[in-house]
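The values are calculated or read from the model by the stated rules, or taken from the named source; none is laboratory data. In this text the structure is predicted, and so the values were computed from the model without any measurement. Cβ placement follows ideal geometry from the backbone for every residue including glycine, while neighbour counts extend to all protein chains displayed. For accessibility, only protein heavy atoms count, side chains too; no ligands or nucleic acids. Shrake-Rupley method; radii C 1.70, N 1.55, O 1.52, S 1.80 Å.
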Amino acid sequence: MSEKKLNRILRAPAGHWVGDGFPVRSMLSYNNGLDTLQSPFLLLDYAGPHEFPPTERRLGVGPHPHRGFETVTVVYDGEVEHRDSSGAGGKIGKGDVQWMTAASGVVHEEFHGRDFAHRGGRFEMIQLWVNLPAKDKMNPPGYQGILDSDIPVAELADGQGRVRVIAGEFDGQRGPAHTHTPINMWDMRLHAGASLELEVPEGHSTVLLVLKGQVSLGGEAETVQANEVALFEHAGSRIRLQSPADATVLLLTGEPLNEPVVGYGPFVMNTQAEIRQAFQDYNSGSMGRL
Ligand code: MN
């Protein structure tokens, strides 16, 4: 088992607002020249942590389309309400996950939960875009609402922390998310002094986001701070992590698709012609309406 080499650490870019509800830093994006290294992950937006005052307004983003991939939202704090043109929707809160498969297309809206907006408070979430293989891009859309209580927790040895297994497998626990290609999504909470050796699949893209605290990698030569992402090489199947203080870490691994990525705004396909078709289909209303 060889150790996975760190490829690079990406520092948090300047933030921007998505609608009026999501103060986001794009930790990964699909047009950054790192497609191959991060495939099938297209984009990773980290929203917050941000303190919202109570309001009666609806904070978020109104109707917009997606085609060709999945949006995965993990709520760390606050509430998100979603509604889409396939009729799916619902509210997710702290610890819950929404796995929305846009595939051939949905129109959806994303807002803070009404109750949360009314009381105000701390808001923190991530949204990951997971690419679909070409053969699945034009499938019917799907929706998985995954509650905190559906997500198995693996305790790390010696009280070093815990891992919520959202997708894939960790230490014999299987995550509830159905994925189109092999993916692991682990929400890790590490205690001060944790020192771990993780087994990850050989050949997978591997992305580590630190939300809180910091972790050092391997022989502590490299440190990943909060609001930073570590991207690893595909080769290798072992990662060593140390956390000097309590840390919250999202670890993603995925089998690379090795297909062309052509995206524009909310559509990610394989060719320019498919992007033009997506705009036509959206404009003609055939992706559905809210
Ligand atoms: Mn969206």
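Evaluated with a Cβ-only charge set (Lys, Arg +1; Asp, Glu -1), region 111-179 carries a dipole of roughly 360 debye about its Cα centre, given to the nearest 20.
Sorted on the mean count of surrounding Cβ atoms within 10 Å across their residues, most packed first, peptides 90-101, 192-203, 62-73 read 62-73, 90-101, 192-203. Principal-axis analysis of the Cα atoms of the chain puts helix 272-283 at an angle of about 50° to the longest axis. Whole-Hz Karplus values for region 109-114 come out as 10, 9, 10, 4, x, 4 Hz, taken residue by residue from phi with 6.51 cos²θ - 1.76 cosθ + 1.60 and θ = phi - 60°; glycine and proline positions read x. Considering only 173, 280, 160, the mean-square fluctuation computed in a Gaussian network model of the chain, springs between alpha carbons under 10 angstrom, is largest for 280.
The Cα atoms of region 1-85 define a convex hull whose projected area, averaged across directions, is 8.2 nm². Please say if region 228-269 is rounded, prolate or oblate, where rounded means a/c under 1.5 for a ≥ b ≥ c the square roots of the C-alpha gyration tensor eigenvalues, and otherwise the choice is prolate for a/b larger than b/c and oblate otherwise? Taking the square roots of the gyration eigenvalues as a ≥ b ≥ c, region 228-269 is oblate. Close amide-amide hydrogen proximity is noted between residue 200 and 238, 239, each under 5 Å apart and 5 or more residues distant or on a separate chain (H modeled in the peptide plane; Pro and chain starts excluded).
Among the listed pairs 94/137; 94/135; 137/212; 4/91; 135/212, those with a Cα-Cα distance over 32 Å are 94/135; 137/212; 4/91; 135/212. Beyond 36 Å, what share of the Cα-Cα pairs of the chain remains, rounded to the nearest whole percent? That tail contains 12 percent of the Cα-Cα pairs. Per residue, the chain exposes 41 Å² of accessible surface when a 1.4 Å probe is rolled over the protein heavy atoms with every protein chain present.
Every helix of 4 or more DSSP H residues in the chain counts as -39500 (n - 2.57), and over all residues that averages to -2000 deg cm²/dmol at 222 nm.
Largest first and in whole Å, the equivalent-ellipsoid semi-axes of region 46-149 read 25, 14, 11, each the square root of five times a Cα gyration tensor eigenvalue.
Think of each Lys and Arg Cβ as +1 and each Asp and Glu Cβ as -1; about the Cα centre, that makes the dipole of the chain roughly 520 debye. Relative protection proxy for 37-50, 253-266, from highest mean packing down: 37-50, 253-266 (other beta-carbon atoms within 10 angstrom). Taking one quarter of the surface of the convex hull spanned by the alpha-carbon atoms of region 107-262 gives a direction-averaged projected area of 11.3 nm².
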